[in-house]
Amino acid sequence: MRKQQRTILGNLSLLCCAVALTATGCVPKSSGAPGSAAADASGIPVGGNLLKNATFENGATLPWTTSFTPPANGSFVVTDGAACVTINEGGSNNWDAQIRHREMVVQEGHTYNVTFKIWADKPTMVRPKVGMAGPPYREYWNQTVKVTTTPQEVRGGFVMQSADDPTVEFAFHMGGAMMRETPAPVTICIDDIYMNDPDFVPPKGEAKIEVSPVRVNQLGYLPGAKKVASVVNSNQQPLAWSLIREGKTVAEGKTEVFGKDADSGDHLHLVDFTSFKETGAGYTLKVGDDESPVFAIKNDIYSSLKKDALHYFYHNRSGIEIAMPYAVEEKWARPAGHLGDKSIPCAPDAGCKYKLDVSKGWYDAGDHGKYVVNGGISVWTVMNQYERFKLQGGVDAFGDGKLNIPEGGNKVPDILDEARWEMEFMLGMQVPAGQPHAGMAHHKMHDVAWTALGLAPHEAEKVMKRHLRPVSTAATLNLAATAAQAARVFKPFDAAFATRCLKAAETAWAAAKKEPTIFADPKDGSSGGGPYDDKIVDDDFYWAAAELFVTTKKGQYGTEVRKSKHFKNFQTLSGSFPTSMTWGDTAALGSLSLALVPGALAAGERKAMRDRVVAAADSYLAVIDQQGYRTPFAASGNEYPWGSNSFVINNAIILAYAYDFTKKDKYLEGVVHSLDYLLGRNAMGQSYVSGYGSNPLRHPHHRFWSEQVDGRFPPAAPGALSGGPNSGLQDPYVQAAGLKGCAPQKCFLDHIEAWSVNEITINWNAPLAWVTGWIDQNASKAKAK
Ligand code: CA
């Protein structure tokens with residue numbers, strides 16, 4: 001708010017005396033001229049303002065955010081009570097440099113009056129518009145405004161002639177031709193911005209969640225396992241705690257002062273109530289006046305999450321109707337998406353002329369792209385879950401008819417049916433014989449440009465074409481590895497499919513050996529799909545050789561495995577972050593298959609491989625000990641990476657394997673700690689999983705589960721894991737939210753626009769399914785003291 005205080009917002013007396021307006025969709029031409037709107041004494045139109053943060057009094061720009069299309073760039077801050085965007089480079093299109101406000105509905109037949117103040121540090125042009133946030137970008141109102149160094153008031157208005165539009169945005173396009181006569185940089189400020197509708201009824205705000213300083217696993221604890229809570233409290237002395245049920249204290253003790261936790265910046269105490277082993281629900285933990293959310297102590301707390309985490313993949317299938325009863329509730333049902341994926345052309349720069357059937361598969365994340373690199377680790381993890389349970393016991397939990405999918409009753413374990421949906425897409429990405437790069441795999445296929453949120457898959461292909469991006473060595477090896485793995489797990493159920501997979505795998509292996517240095521362009525991520533670029537492929541060669549060796553026992557693959565530097569070095573760092581596997585670090589996947597499945601390595605070699613897995617698990621136990629929130633992950637350089645929660649959950653897989661291989665309780669406890677962190681015992685007091693916990697993930701970045709931007713769409717189905725805290729803060733929403741400078745574990749916001757901290761994706765949900773399946777099986781085996 002600049003200059004004077006205005007209190008038009010929420011003034012009900014003004015709402016009730018709105019007069020009929022005469023604006024009829026015309027565009028008032030001159031800036032600063034009075035519009036046709038009825039106005040109060042100070043000149044502000046009457047009615048409720050659809051725009052939040054009209055006066056920028058709180059110092060943040062949200063929900064106004066920037067959008068810069070490279071090379072356009074700039075910054076956006078509240079300065080002196082106004083929102084000011086500095087454009088260093090304006091790009092070629094007007095919209096390459098813009099600020100915008102979404103999350104509102106413009107209703108048919110309603111009248112909207114727009115006013116705002118605008119000025120700049122040098123003369124320039126801007127084009128404010130109200131219109132669709134995504135294709136076909138229909139505009140309901142726009143104006144071209146000459147901006148000077150003197151603040152001017154701009155007025156306009158329109159009557160909404162189209163159907164209600166919940167995808168609408170108010171945007172100021174400021175780049176391209178708008179800056180034709182403006183030497184960059186230019187700083188443009190707006191303030192006192194209103195889009196008033198006399199009949200506007202503000203939506204009911206979401207109840208704000210009070211986050212208790214007593215952080216617990218919001219699902220609960222296993223009776224026999226470690227039970228640790230972290231408590232934010234600046235006191236330097238131990239404090240009394242009590243465990244309460246039905247108003248009665250059932251256990252009590254003293255906290256342990258942990259002190260300052262580096263990754264969160266919180267001063268913490270630890271409560272260990274492991275010795276309390278009674279089962280039940282409705283427990284809270286009290287420290288001083290602070291009381292935790294309610295939680296349970298039971299062995300079955302993961303029995304539904306393990307299924308929902310796997311069901312994520314059904315919900316995100318491409319090329320099939322998501323139908324009842326498999327959709328679980330009608331709101332998640334939808335027609336089949338992207339049926340056109342049966343015939344997708346090469347992109348003009350992809351070096352090929354054919355079309356491929358790349359139908360089926362899972363949508364990668366919040367977008368509708370499908371990527372072989374990332375599909376690889378995801379489908380591997382799902383098939384590895386099957387294989388681990390088959391060899392270690394308990395596979396029936398995921399058997400035929402157990403997962404509420406259309407393939408129930410086909411005599412194939414449902415978890416393999418789900419994996420096959422992705423595997424068939426992966427196979428489709430292989431270059432046919434006789435074509436250039438035959439046997440290689442295309443790196444990815446996706447939309448030719450980014451689409452907006454609030455878009456169902458079956459509508460998406462009406463507004464956006466898709467294409468194949470070029471081949472890459474990394475994708476080819478992802479295909480070789482997973483197709484080899486599929487060949488052995490499918491063999492008992494479908495010999496023909498197994499044979500097809502093995503042939504594709506060996507063909508891909510040979511092609512990658514022939515062309516070992518074709519890498520995806522790291523810049524191939526600005527238009528319609530993520531880059532997933534990976535120039536280091538020695539790990540992918542090792543992984544593919546390992547899977548081929550485990551499946552075929554052929555000496556040539558054994559030789560490749562044993563000569564790789566990864567054979568005797570089990571990874572525990574990705575860059576400087578503690579983890580064993582990511583989509584770009586795949587050597588551990590090969591080592592885990594070698595350690596798990598008998599018959600390829602000699603017995604002594606396999607034992608040594610298992611010892612390396614256990615040693616990696618020991619390194620994660622050491623990390624847990626240093627962390628106030630007891631997570632098997634640590635910041636590096638005071639930063640958390642993109643998808644930090646996936647590092648936590650993948651490290652839990654290593655801890656689980658260490659327990660499988662040794663049966664030592666400490667590794668099971670490590671798995672428990674990992675889940676405790678993800679389900680609420682963390683610096684945000686947030687359960688990062690949708691549908692689970694008292695403060696669950698609500699608004700992940702997802703085009704279909706986009707209720708937050710468009711009430712016609714459903715909320716997230718339960719069991720989806722957010723990527724979580726990320727110091728990079730790459731998206732404009734978190735930047736505008738003022739998260740800059742956040743402690744690593746606090747760089748998080750549960751908002752659909754916050755894609756750099758709150759996306760969901762197949763390679764993060766696959767380990768969630770794996771680990772929750774594992775802990776549910778082993779829950780009663782915990783013997784902590
Ligand atoms: Ca089945």
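The values are calculated or read from the model by the stated rules, or taken from the named source; none is laboratory data. Remember, predicted model here, so these are calculated numbers, not experimental data. So basically every Cβ, Gly included, is an ideal-geometry build from the backbone, and we count neighbours across all protein chains shown.
Filtered by the rule that a residue be under 14 Å from Met125 (Cβ atoms) and hydrophobic (A, V, I, L, M, F, W, C), the stretch 157-180 gives Phe172, Met174, Ala177, Met178, Met179. Here the stretch 388-406 is the region considered, the condition is being assigned to a helix (DSSP H, G or I) and closer than 20 Å to Leu305 by Cα, and the residue that is farthest from the ligand (Cβ to nearest atom) is Arg388. Here Ser378 does not fit the description of being touching a strand residue (DSSP E or B) at 6+ places or on another chain (Cβ under 9 Å), over 20 Å from Tyr532 (Cα atoms) and polar (S, T, N, Q).
Going through Asp521, Asp447 one at a time, which residue ends up being farther than 22 Å from Tyr386 by Cβ, acidic (Asp, Glu) and at pLDDT 95 or above? Before the answer, list the steps.
Numbers: Asp521 fails: at pLDDT 95 or above.
Criteria check complete, one pass: Asp447.
Within the stretch 407-428, if we keep just the residues that are within 9 Å of the ligand (Cβ to nearest atom) and not acidic (Asp, Glu), the residue that is nearest to Lys342 (Cα to Cα) turns out to be Leu416.
Quick one: in the stretch 576-596, of everything that is in contact with an Asp or Glu (Cβ under 7 Å, 6 or more places away or on another chain) and outside any strand (DSSP E or B), which residue is farthest from Val379 (Cα to Cα)?
Keep residues of the stretch 576-596 that are in contact with an Asp or Glu (Cβ under 7 Å, 6 or more places away or on another chain), which gives 584-587, 590, 593, 596.
Applying the additional criterion that residues be outside any strand (DSSP E or B) yields 584, 586-587, 590, 593, 596.
Values: Gly584: 14, Thr586: 13, Ala587: 15, Gly590: 14, Ser593: 14, Leu596: 17 Å.
It comes out as Leu596.
Only one of the numbered conditions (1) part of a loop (DSSP other than H, G, I, E, B); (2) among the hydroxyl-bearing types (Ser, Thr, Tyr); (3) at pLDDT below 95 is not met by Tyr692, and that is (3). Pairs linking a residue in the stretch 730-741 that is free of Cβ contacts under 8 Å to residues at least 24 places away in the same chain to a residue that is of a type in the set (S, T, N, Q), with Cβ atoms under 8 Å and 6 or more positions apart or on different chains, are Val734/Ser756.
Going through the stretch 369-387 one residue at a time, which ones are more than 23 Å from the chain's Cα centre (by Cα) and within 15 Å of the ligand (Cβ to nearest atom)? Within the stretch 369-387, Tyr386 is the sole residue that qualifies.
For first residues located in the stretch 397-415 and within 18 Å of Asn384 (Cβ to Cβ) and among the β-branched types (Val, Ile, Thr), partners that are in a loop (DSSP other than H, G, I, E, B) and more than 6 Å from the ligand (Cβ to nearest atom) and lie 6+ apart or on another chain with Cβ distances below 6 Å form the pairs Val412/Phe493.
Remark: pairs (first residue in the stretch 543-559, charged (D, E, K, R); second residue surrounded by fewer than 24 Cβ atoms within 10 Å (Cβ to Cβ) and outside any helix (DSSP H, G or I); Cβ separation under 6 Å; 6+ apart in sequence or on different chains) = Lys553/Ala600. Counting only strands (runs of 3 or more DSSP E) that fall entirely inside the stretch 218-261 and contain at least 1 residues that are over 21 Å from Gln626 (Cβ atoms) and not hydroxyl-bearing (Ser, Thr, Tyr), the qualifying elements are 240-245, 248-254. Tallying residues that are surrounded by fewer than 23 Cβ atoms within 10 Å (Cβ to Cβ) and under 15 Å from Glu422 (Cα atoms) within the stretch 319-338 yields 2. Only one of the numbered conditions (1) over 15 Å from the mean Cα position of the chain (by Cα); (2) not in a helix (DSSP H, G or I) is not met by Gln745, and that is (2).
Does Glu422 satisfy the criteria of being free of Cβ contacts under 8 Å to residues at least 24 places away in the same chain and either surrounded by 17 or more Cβ atoms within 10 Å (Cβ to Cβ) or closer than 26 Å to Thr167 by Cα (or both)? Answer is no for this residue.
Give Glu169, Glu108 a once-over and let me know the one that is among the acidic types (Asp, Glu), assigned to a strand (DSSP E or B) and out of contact with any Leu (no Cβ under 6 Å at 6 or more places or on another chain).
On the way: Glu108 fails: assigned to a strand (DSSP E or B).
Answer to the check: Glu169.
Residue-by-condition table, conditions (1) among the small types (Gly, Ala, Ser); (2) over 24 Å from Asp534 (Cβ atoms):
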| residue | (1), (2) |
| --- | --- |
| Glu560 | no, no |
| Phe567 | no, no |
| Gly599 | yes, yes |
| Asp611 | no, yes |
| Gln626 | no, yes |
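Kindly indicate whether His269 is more than 28 Å from Val771 (Cα to Cα), touching a Ser or Thr at 6+ places or on another chain (Cβ under 9 Å) and either modelled with pLDDT of 95 or more or among the hydroxyl-bearing types (Ser, Thr, Tyr) (or both). Write out each step before concluding.
Numbers: more than 28 Å from Val771 (Cα to Cα): no; touching a Ser or Thr at 6+ places or on another chain (Cβ under 9 Å): yes; either modelled with pLDDT of 95 or more or among the hydroxyl-bearing types (Ser, Thr, Tyr) (or both): yes.
No, not satisfied.
Only one of Arg127, Arg155 is surrounded by fewer than 21 Cβ atoms within 10 Å (Cβ to Cβ) and of a type outside the set (Val, Ile, Thr); which? If you could, list the steps in order and put the result at the bottom.
On the way: Arg155 fails: surrounded by fewer than 21 Cβ atoms within 10 Å (Cβ to Cβ).
Going through Arg127, Arg155 in turn, just one is surrounded by fewer than 21 Cβ atoms within 10 Å (Cβ to Cβ) and of a type outside the set (Val, Ile, Thr): Arg127.
Within the stretch 486-508, restricting attention to residues that are among the small types (Gly, Ala, Ser) and closer than 17 Å to Asn384 by Cβ, the residue that is surrounded by the most Cβ atoms within 10 Å (Cβ to Cβ) is Ala486. Scanning for something in a loop (DSSP other than H, G, I, E, B), of a type in the set (Gly, Ala, Ser) and under 24 Å from Pro135 (Cα atoms), does the stretch 177-198 turn up at least one residue? No.
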